[in-house]
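Presented below is the structure to which this report refers.
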Amino acid sequence: MERKNAWKSYTEADLAKLEAFSAAYRAFLDAGKTERECVAESVRIAKEKGFADMSAVTSVKPGDRLYLNWMNKSIMLFVVGSEPLETGMNILGAHIDSPRIDVKQNPLYEDTDLAYLDTHYYGGIKKYQWVARPLALHGVVAKKDGSVVPVTIGEADGDPVFCISDLLPHLAQEQMKKDAAKVVEGEALDLIIGGRPLADEEKDAVKAGVLKLLQEKGIEEEDFISAELEIVPAGKARDMGLDRSMILAYGHDDRVCAYPSMRAVIDFEGTPERTLCAVLTDKEEIGSVGATGMDSMFFENAVAELCALRGEEGELALRRCLRNSRMLSSDVSAGFDPLYASAFEKKNSAYLGRGLCFNKYTGARGKSGSSDANAEYVAEIRRVMDEANVAYQFSELGRVDLGGGGTIAFCCAKYGMNVIDAGVAVLSMHAPFEIISKADLYEAYKGYCAFLK
Ligand code: MN
Ligand code: MN
């Protein structure tokens, strides 16, 4: 059944709200190009809207608004409901890490009068897309004295940028015959960061020049060992198309779901019946592993703490809370691309402009790795979305047996709660710049708000 394009039904008032929300989202993208920056920006916005640090409170009551920062890489927001926690929460989850290129732990070297940072890419990228374009360096350098030096180079007007070089076409006859996975190899993704030798140095004089600049910022070569430096495309999120109907930006996957999820909880006014939660998590792009990934216990631990603060002690209260919760696990979906139509099955594809996109299941090779949502829950979701007049569509990632992907849904489904994948359709997913429709962003926000109620 074909769904209608959301743009067709908008009034002038709808369009004004859509543009305001899109502008706020673009600002969030520009402020948050890494998971750490997204957490910092979320904390800033939450505090502004009256959310308190949960780690600093001793008890909670209905209506309280709380955030919990986990290792500066994941964050949870709660609005405490009037019902006991063991009746379950309404949870919106999404991830805030994005595909990128990370700097290695022993990265700095010089080769033929150029200084480089050696790298290891993060998440599933087409490596050839990341060469010959302006890149920025974002992250932190943690020093032995306990201080953490933030790094952002390549975004402000007047900042230098960085680049990974590519071979000129004139000499690329052999390269162009390789398959695309090998055209640019992983070890060829090293970042040029300097080219001017120090006059009084004999050996590695360019590297010495780079080290001198770093030392002026209080950073020694050894400090790279305890640094997390992420190489991301330089530049801001931009409106796209003559009609400005789209946004071109780095990191839509999955901030285009994380931002409206966070905003839906933050914008909720008053005291809900069920407790509301937004969880924005790290490490989804590499399998939700690690202490800040959704498969870690950090979320369960936080809910246990909340139960205790609410006076609902004990293992059983926690188990009931998790079991009785319902969740929208939000992640981007592959938007149907007419230029690559054969990768999709048209009846079950997500289309730009047709609203919030639900995936009953994800996975690959016979739904493997998916958390297939229950039909009864899907029916409830349809009712909620229809009652709130949200434009939405149901889709699969692409043609059967062409590939596949996972999300954080399985991590929460293991508690026995109802979970369904929801999100926004993206073109050029995992590319340095990805494309979304403003209508889908806006309908996602409307859908999340409806789900919380
Ligand atoms: Mn994703
Ligand atoms: Mn992804």
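Bear in mind that the values in this text are calculations on the coordinates, not laboratory data. It should be emphasised that the depicted structure is a prediction, and the values quoted were computed from it without experimental measurement. Glycine also receives a Cβ, built like all others from the backbone with ideal geometry; neighbour counts cover every protein chain displayed.
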Q | Cβ-placed point charges (K, R +1; D, E -1), dipole of the stretch 275-348 about Cα centre in debye, nearest 20 | A | 380 debye
Q: Note the full-extension length gain between Thr112 and Glu185 as 0.36 nm times their separation in residues minus their Cα-Cα distance, in nm to one decimal.
A: 24.3 nm
Q | Contour minus Cα-Cα distance for Tyr377 and Gln215 (0.36 nm per residue) | A | 52.6 nm
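Could you grab the relative contact order for the chain? Cα pairs under 8 Å, six or more apart, rounded to a whole percent.
Numbers: 990 pairs, mean separation 102.5, N = 453.
That works out to 23 percent.
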**Q.** Proximal lysines relative to Lys346, as straight alpha-carbon distance under 20 Å, when same-chain residues fewer than 8 apart are discounted
**A.** Lys4, Lys360, Lys367
Q) Å³ per residue of the Cα convex hull, for the stretch 300-434? A) 138 Å³
Q: For the stretch 133-233, state which GluC sites (Glu not before Pro) are in a DSSP loop and have at most 15 other beta carbons lying within 10 Å of their beta carbon.
A: Glu174, Glu185, Glu201, Glu202, Glu220
Q.
Given N residues in the stretch 161-304, what is its alpha carbon radius of gyration divided by 2.2 N^0.38 Å?
A. 1.56
Q | Options Ile247, Ala391, Ala409, ranked by Cα towards positive dipole end of the chain, top entry (Cβ charges) | A | Ala391
Q: Starting from the Kirkwood radius over alpha-carbon pairs of the stretch 1-96, derive D by Stokes-Einstein at 10 °C in a medium of 1.306 mPa s and give it in µm² s⁻¹.
A: 99 µm²/s
Q. How far, in degrees from 0 to 90, does helix 12-31 lean away from the longest principal axis of the Cα atoms of the chain, to the nearest 10?
A. 40 degrees
**Q.** Charge dipole magnitude, Cβ of K and R +1, D and E -1 - the stretch 334-453, Cα centre, debye nearest 20
**A.** 60 debye
Q. For the stretch 100-233, max minus min Cα coordinate along each principal axis, in Å, sorted largest first?
A. 50, 36, 30
Q.
How big is the dipole moment of the stretch 100-233 about its Cα centre under a simple scheme where the beta carbon of each Lys and Arg is +1, that of each Asp and Glu is -1, and everything else is neutral? Debye, nearest 20, please.
A. 540 debye
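Name the shape class, rounded, prolate or oblate, that the alpha-carbon gyration tensor gives for the stretch 175-238, where a ≥ b ≥ c are the square roots of its eigenvalues, rounded holds for a/c under 1.5, and otherwise prolate holds if a/b is larger than b/c and oblate otherwise.
Working: a/c = 2.26, a/b = 1.57, b/c = 1.44.
Here the stretch 175-238 falls in the prolate category.
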Q) Just from its helices, what would the mean residue ellipticity at 222 nm be for the chain, if runs of 4 or more DSSP H residues each count -39500 (n - 2.57) and the sum is divided by every residue, rounded to the nearest 500 deg cm²/dmol? A) -8000 deg cm²/dmol
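If the chain between Glu83 and Thr11 were fully stretched, how many nm would it gain, using 0.36 nm times the residue separation less the Cα-Cα distance?
On the way: separation 72, 0.36 × 72 = 25.92 nm, distance 3.70 nm.
So the chain would gain 22.2 nm between Glu83 and Thr11.
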Q: Report ³J(HN,Hα) in whole Hz for each residue of the stretch 355-363, in order, from the Karplus equation J = 6.51 cos²θ - 1.76 cosθ + 1.60 where θ = phi - 60°; Gly and Pro get x.
A: x, 3, 10, 9, 10, 4, 9, 10, x
Q | Amide H contacts under 5 Å for Ala234, placed H, 5+ residues apart | A | Leu135, Ala136
Q: Please turn the phi angles of the stretch 418-431 into ³J(HN,Hα) values with the Karplus equation 6.51 cos²θ - 1.76 cosθ + 1.60 (θ = phi - 60°), one per residue in order, whole Hz, x for glycine and proline.
A: 6, 9, 9, 6, 9, x, 10, 6, 10, 9, 6, 3, 6, 7
Q) What is the spin-label model distance, in nm, from Glu345 to Gln173 if the labels are put 7 Å beyond Cα along the C-beta direction? A) 4.5 nm
Q.
What Kirkwood Rh does the stretch 395-453 have if only Cα atoms enter the pairwise 1/r average? Answer in Å.
A. 13.8 Å
Q: Taking the dipole about the Cα centre of the stretch 100-233, with the C-beta of Lys and Arg at +1 and of Asp and Glu at -1, give me whichever of Leu168, Ala180, Ala136 is farthest to the positive side.
A: Ala180
**Q.** the stretch 100-233, relative contact order in percent, only Cα pairs under 8 angstrom and at least six apart counted
**A.** 39 percent
(Q) With unit charges on the beta carbons (Lys and Arg positive, Asp and Glu negative) and the dipole taken about the Cα centre of the stretch 100-233, which residue among Leu211, Leu229, Ile125 sits farthest to the positive side? (A) Ile125
Q: Pull up the DSSP beta bridges for the chain and report the antiparallel fraction as a percent, rounded to 5.
A: 70 percent
Q.
Students often forget the sequence filter, so: which aspartates and glutamates lie under 14 Å Cα-Cα from Lys414 once same-chain residues fewer than 8 apart are removed?
A. Asp295, Glu300, Asp372
Q.
Between 0 and 90 degrees, rounded to the nearest ten: what's the tilt of helix 298-309 against the longest Cα principal axis of the chain?
A. 40 degrees
Q) Taking N as the number of residues in the chain, what value does Rg over Cα atoms divided by 2.2 N^0.38 Å take? A) 1.02
